[in-house]
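Each value in this text was obtained by applying a stated rule to the coordinates, not by laboratory testing. Please read these numbers as outputs of a predicted model, since none were measured by experiment. When we count neighbours, we look across all protein chains shown, and the Cβ atoms used for this are built from the backbone with ideal geometry, even at glycine.
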């Protein structure tokens, strides 16, 4: 089984918006050399999910994880993504596609975000006990 990974972000009109997702993709490539990793966008930016998945299938992937790069489970994750995943199953019946929870739902992401936010505070910053 050859695995591939699609990091699926919302997308924006400004291409610079994708820079953090490109950085994440590169970090994954370093951590998992040899595993094809690609970005896809729900709106505005190319490639869309169907195109990104087709690239991985053409690269020989028989199992593709589609990781929603959303902070929470909103309408896109509940309504749009299941429909898109079904279309992938239909377009590539010999390939397994999985879509885990939105990345922002993972406890390790909560910890990293809290650490980054807390690091913005001056050392020793705390409310005085009453």
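A few remarks follow.
- Computed from the C-beta positions of residue 22 and residue 43 and an R0 of 25 Å, the FRET efficiency is 0.90 to the nearest 0.05.
- Length added when fully stretched, residue 118-residue 29, from 0.36 nm per residue minus Cα-Cα: 29.2 nm
- Between region 105-123 and region 7-53, the alpha-carbon centres lie 23 Å apart.
- Entry for log10 I(q)/I(0) by the Debye sum over Cα atoms at q = 0.13, 0.18, 0.19 Å⁻¹ (calculated from the structure that is shown) out of [x] -0.43, -0.88, -1.00; [y] -0.64, -1.00, -1.08; [z] -0.59, -1.02, -1.12: [z]
- When each of the peptides 30-36, 72-78 is scored by how many other beta carbons lie within 10 Å of its residues on average, the order from highest to lowest is 72-78, 30-36.
- Each peptide in 110-119, 82-91 gets a packing score, the mean of other Cβ atoms within 10 Å over its residues, and the list from highest to lowest is 82-91, 110-119.
- Note on residue 80 and residue 59: the model spin-label points, each 7 Å out from Cα along the C-beta direction, lie 2.3 nm apart.
- Theoretical ellipticity at 222 nm over the chain - DSSP helices of four or more residues, -39500 (n - 2.57) apiece, nearest 500: -11000 deg cm²/dmol
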